[in-house]
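This report concerns only the one structure given below.
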Amino acid sequence: MMPAYFFAHGAPSLVIEDHAYTQYLKSFASTLPARPKGIVLFSAHYESPVQEVGAPETYGTVYDFSGFPDELYQMTYPAPGAPELAAEIAGLLSDANVPSRLNAVRGLDHGAWAVLKLIFPEADIPVVALSVNRHRTNREQYELGRAIGQLRERDILVIGSGGVVHNLRRISWGAGPDAIAPWALEFDRWMEERLTAWNTEELFQYEQLAPHAELAVPTNEHFIPLLLAMGSADADRQARLLHRSYQWGSLSLTAWQFG
């Protein structure tokens, strides 16, 4: 069965950066058990009050950022869509009592294409982009991921793209990779212990139980994709940290495997 994954996407400039994390992402595809037949991706930057399922024939590229190098605005990622798979996902969500609608217009935001361009630069694997809703409970996020978990049996790659420690107000520009804020480390290590133990009951209460949760996760849209990817691997209940490094003092760049 294809594992599910969570990747931090950092800043949009991730795609043109050269460091340990981008090097890891560029080599990641070679570690997969098979070439994915499709990719289902939840991005923190695709928010909708109603669950949306991307169903275009070909994706456009969304430049949902400003003030970055011109090079980024010239990049495209024309991944093929998968309308039939999108319709199947909508059916699985309906079975789980999650209303959804197909969206054949929206392109891929940087939470999707910046990561995918590093991993699959040829943009030749069909993609279904799914929205996130910050108003669901943590348990509901996990259960939504669980609803599509059976797709992994057919070599469909489920990806959550966001950030475990993601507080742009607390980053320190110019800080080196070893100058890590203690509060960010403590939160990440608390998360690591609960994820590897598959302790969902405490994970679902991270806001109350985890140290410095209010600093690490000031808003939850970047955290949600972690729970969605994890939920899709509920049948396996195995989690493994593949990479962790930091930018600008506290922005964690993590890769997790589920299943």
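The values are calculated or read from the model by the stated rules, or taken from the named source; none is laboratory data. Note that this is a predicted model, so its numbers are computed, not measured. Cβ coordinates were reconstructed from backbone atoms using ideal geometry, including for glycine residues, and neighbour counts include every protein chain displayed.
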Phe65 being farther than 25 Å from Asp155 by Cα, surrounded by 15 or more Cβ atoms within 10 Å (Cβ to Cβ) and of a type in the set (A, V, I, L, M, F, W, C)
yes
Tell me which of these Ala129 doesn't satisfy, since it passes every other one: (1) surrounded by fewer than 19 Cβ atoms within 10 Å (Cβ to Cβ); (2) closer than 28 Å to Lys26 by Cβ; (3) not charged (D, E, K, R).
(1)
What are the residues in the stretch 50-93 that are outside any loop (DSSP other than H, G, I, E, B), in contact with a helix residue (DSSP H, G or I) (Cβ under 9 Å, 6 or more places away or on another chain) and either closer than 16 Å to Gly111 by Cα or not charged (D, E, K, R) (or both), if any?
Gln51, Val53, Gly54, Thr61, Leu72, Leu85, Ile89, Leu92, Leu93
Selection status of Arg154, buried (at least 17 other Cβ atoms within 10 Å of the Cβ) and either basic (Lys, Arg) or at pLDDT below 95 (or both)
no
Check off (1) under 26 Å from His19 (Cα atoms); (2) hydrophobic (A, V, I, L, M, F, W, C); (3) surrounded by fewer than 18 Cβ atoms within 10 Å (Cβ to Cβ) for Ile180 and give me the number that stays unchecked.
(3)
Condition (residue is more than 20 Å from the chain's Cα centre (by Cα), crowded, with 18+ Cβ neighbours inside 10 Å and modelled with pLDDT of 95 or more) applied to the stretch 191-213: is it met by at least one residue?
yes
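Could you identify the single residue in Gly67, Gly81, Gly91 that is over 17 Å from His9 (Cα atoms) and modelled with pLDDT under 95? Give the derivation first.
Numbers: Gly81 fails: modelled with pLDDT under 95; Gly91 fails: modelled with pLDDT under 95.
Result: Gly67 is the single residue among Gly67, Gly81, Gly91 that is over 17 Å from His9 (Cα atoms) and modelled with pLDDT under 95.
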Contact list, first residue from the stretch 203-225 and at negative phi, second anywhere and loosely packed, with under 14 Cβ neighbours inside 10 Å and at pLDDT below 95, beta-carbon distance below 6 Å, six or more apart or interchain, is none
Regarding Val164, is this residue β-branched (Val, Ile, Thr), modelled with pLDDT of 95 or more, out of contact with any strand residue (DSSP E or B) (no Cβ under 9 Å at 6 or more places or on another chain) and more than 23 Å from Val53 (Cα to Cα)?
no
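Quick check on the stretch 1-18: of everything there that is in a strand (DSSP E or B) and of a type in the set (A, V, I, L, M), which residue is surrounded by the most Cβ atoms within 10 Å (Cβ to Cβ)?
Of all residues in the stretch 1-18, those in a strand (DSSP E or B) come to 4-8.
Within this subset, residues satisfying the condition of being of a type in the set (A, V, I, L, M) are 4, 8.
Numbers: Ala4: 29, Ala8: 31.
By that ranking, first place goes to Ala8.
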Can you tell which of Leu215, Leu242 is over 23 Å from Val158 (Cα atoms) and aliphatic (A, V, I, L, M)?
Leu215
